[in-house]
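So the structure is just underneath, and the comments pick up after that.
Laboratory data are not the source of any read-out in this text; all were calculated from the coordinates shown. What you see is a predicted model, and the numbers here were worked out from it, not measured in a lab. Note that we place each Cβ from the backbone using ideal geometry, even for glycine, and neighbour counts take in every protein chain shown.
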Amino acid sequence: MTAINTGSALYDNVFNKPLDQLVVTDATRQQMRDTLFVTPLPFVTRVVFLSTPHRGAYIAGSWLAQWVAGFVSLPQDILKSSAEIITGNPGAVMWTSVDDVQGSVLQMTPGNRFVKSLSAIPIAPGVRVHSIIPVTGDAPPDGQKDGVVAYDSAHIEPVDSELVVYHAGHSVQDHPRAIEEVRRILLAHAAEAHASGITCGSPRQVAEPIE
């Protein structure tokens with residue numbers, strides 16, 4: 001969300017009337033604008049995805065995850081603004097009650113309208129992209145999972161690099177190969193920053209990519 005321009009893609013998932021035409025308070029309208037119309041942060045020039053469920057996490061669709069999600073309450077300000085939107089704009093919103101407002105678990109279920117729209121939005125131009133994706137089995141990674149996310153959900157194109165960590169679970173951030181890959185990326189980033197005139201300590205040798 002720090003490196004994409006959503007345009008109206010997320011908003012259009014829920015509303016069939018322009019934001020400026022909705023009958024809501026100025027505070028609610030601004031909250032919707034801040035939440036549903038995302039633009040890239042200008043200082044984010046490189047992102048590293050670790051076990052990232054771009055197309056949803058299959059475990060979010062399990063009965064256990066759905067059951068647990070039922071115990072989670074949305075913040076009161078979200079519930080209040082949602083009720084305001086629904087009551088003031090009949091026919092303009094796809095919700096019929098506040099019960100239709102989904103939390104993060106439901107939104108990350110593969111096939112959910114939100115995650116489908118989000119995954120279709122490309123990374124902003126000029127942002128370098130790296131993926132570190134664990135799978136529990138051997139090569140090739142296609143069709144495999146990490147216990148939470150499928151490789152097909154975590155894999156995106158184009159990227160500057162992708163490292164598949166075999167025989168690893170979802171918490172890949174503590175795996176030695178993932179740690180070394182993050183180190184390589186950070187050193188490459190530091191070297192590029194130094195070459196462009198940004199000084200952050202002395203320049204260091206950049207490690208070669210992991211095959």
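Summing charges over neighbours of residue 33, with a neighbour being any other residue whose Cβ is under 11 Å away from its Cβ, gives -2 when K and R count +1 and D and E count -1.
Partners of residue 145 within straight-line reach, counting lysines whose Cα lies under 20 Å from its Cα and excluding those fewer than 8 residues away in the same chain: 116.
Taking a point 7 Å out from the Cα of residue 120 in the direction of its Cβ, the residues of region 154-186 whose backbone N falls within less than 18 Å of it are 156-158.
Once the C-beta distance of residue 21 and residue 186 is scaled by a Förster radius of 41 Å, the resulting FRET efficiency is 0.35 to the nearest 0.05. Counting 0.36 nm for each residue step from residue 34 to residue 80 and taking away their Cα separation leaves a gain of 14.9 nm.
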